[in-house]
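Input: a single structure, listed below in structure tokens.
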Amino acid sequence: MTKGERAIVREERRLEKERKRRIELANKMLIPTGGKTRESLALISFDPSGVFRFEGDRWLKVFEISGAGKSLVDAAGSLFGRIRITFTLSESGRETCHLSLMEEGEIYEEVRQKMTEDENKLQGVCQMHALSVDEVMNLVATNFYQDIRFSYASFVRAKKDWKKECFFDCTEDAAGFNAGRLFGESFTVLAFPEDMEEGILTHVRNLGCPMYVSFDLNALSEEEKLNFKRELEKKYNRRLSVNESEEYINLSLSITILCDSKDAREIVEETLISVFLKYGVLIAPSFHNQKRVMESALSLGLTDEILMRNVRVNVAERLIGGEQDGDAKVEVRSDEAE
């Protein structure tokens, strides 16, 4: 490397360091997490009102929602960010529904503006209640069967590892995981049909075990639409109209089940695969990725694990279902309401 090249490298490093300094200065209103939490969750800092900032310029806000189904698919197509809809089905039949809004950006104020615009669009199709950081982490801890009372003030002060405190430890193999007395399994949808009937979630609800169904929806950019249109034209050897190319959306679907025995897990696995196959949806155990898929589902997106596919908008709508499928009432637990 010549002297001039070394000087260029030094200047590039200086500019990058200055850029990062300015970003941190712009985000100084956020509360930083400790080193352990940053390492385990990639969680850099947060706004106590409910916004999480992660490495990789990813931001997250979680809402309780009710009264929405198919309409969320249309709304997702006009958002800046990605949404995750998590249906939580308990063994007793109680169902809750949460929406995780994920944005990208470096500066909190810019991200907050995008979040506000996206929230306004989403509020037009469903009832939403934003959760604070404490409420989110208490909910996550409950999902992981952890008996704690989370308080960001005490956790930051004590420099605790949020993941260690709120997630359970588990051992995993190629197609399942174990956590204490729980026998769990995560599934990922690998392929969706060109068309399908409604009602798939109705069958899933009756399997009699705790279950987390996660739909991630993200609009295709204009460039992605154009590239996808070209791929379809090559595949089918015919020209497609603009309208045809706009009928797609990015979708990821995963399911995590928690059973009380290995036999029960195997029965639910066979039933799930059979039900989805009946609707033309190819679902399979998340081979060699059980823990990451499970943690992403139970944490409502605090850890991010997805497998996005381009699917027709009408297929996404029928997967999520009608109003009855999205109208999951969320009851505030007494310990959170205090």
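The values are calculated or read from the model by the stated rules, or taken from the named source; none is laboratory data. All figures in this text were calculated on a predicted structure; none of them were measured in a lab. Ideal geometry is used to build each Cβ from the backbone, glycine not excepted, and the neighbour counts take in all protein chains shown. Protein only, heavy atoms only, side chains kept; ligands, DNA and RNA dropped before computing areas. Shrake-Rupley method; radii C 1.70, N 1.55, O 1.52, S 1.80 Å.
Per-structure values
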{"item": "Conditions (1) touching a helix residue (DSSP H, G or I) at 6+ places or on another chain (Cβ under 6 Å); (2) farther than 22 Å from Glu55 by Cα; number of the one not met by Thr88", "result": "(1)"}
{"item": "Any hit, the stretch 24-37, residues being closer than 30 Å to Leu201 by Cβ and in contact (Cβ under 8 Å) with a residue 60 or more places away in the chain", "result": "no"}
{"item": "All positions within the stretch 112-163 that are in contact with a Leu (Cβ under 8 Å, 6 or more places away or on another chain), among the β-branched types (Val, Ile, Thr) and part of a loop (DSSP other than H, G, I, E, B)", "result": "Val125"}
{"item": "Members of the stretch 295-314 that are of a type in the set (A, V, I, L, M, F, W, C) and crowded, with 21+ Cβ neighbours inside 10 Å", "result": "Ala297, Leu298, Leu300, Leu302, Val311"}
{"item": "Residue selected from the stretch 108-135 under the condition in contact with a Phe, Trp or Tyr (Cβ under 8 Å, 6 or more places away or on another chain) and β-branched (Val, Ile, Thr), by the criterion nearest to Ala75 (Cα to Cα)", "result": "Val111"}
{"item": "Among residues of the stretch 243-282, those that are part of a strand (DSSP E or B) and either at pLDDT below 95 or open to solvent by 10 Å² or more (accessible area, probe 1.4 Å) (or both), counted", "result": "5"}
{"item": "Scan of the stretch 59-75 for residues that are more than 15 Å from Asn250 (Cα to Cα) and among the acidic types (Asp, Glu), ordered by number", "result": "Glu64"}
{"item": "Residue count for the stretch 1-39, restricted to those that are open to solvent by less than 40 Å² (accessible area, probe 1.4 Å) and closer than 21 Å to Ala153 by Cα", "result": "5"}
{"item": "Evaluation of Gly93 against (1) at negative phi; (2) of a type outside the set (D, E, K, R); (3) at pLDDT below 95 (one fails), failing number", "result": "(1)"}
{"item": "Sole residue being buried (at least 17 other Cβ atoms within 10 Å of the Cβ), modelled with pLDDT under 95 and of a type outside the set (A, V, I, L, M), chosen from Cys126, Cys166", "result": "Cys126"}
{"item": "Single unsatisfied condition, Phe52 versus (1) open to solvent by 20 Å² or more (accessible area, probe 1.4 Å); (2) under 30 Å from Ile320 (Cα atoms); (3) at pLDDT 95 or above", "result": "(1)"}
{"item": "Test: residue in the stretch 50-57 that is touching a Pro at 6+ places or on another chain (Cβ under 9 Å) and not small (Gly, Ala, Ser)", "result": "no"}
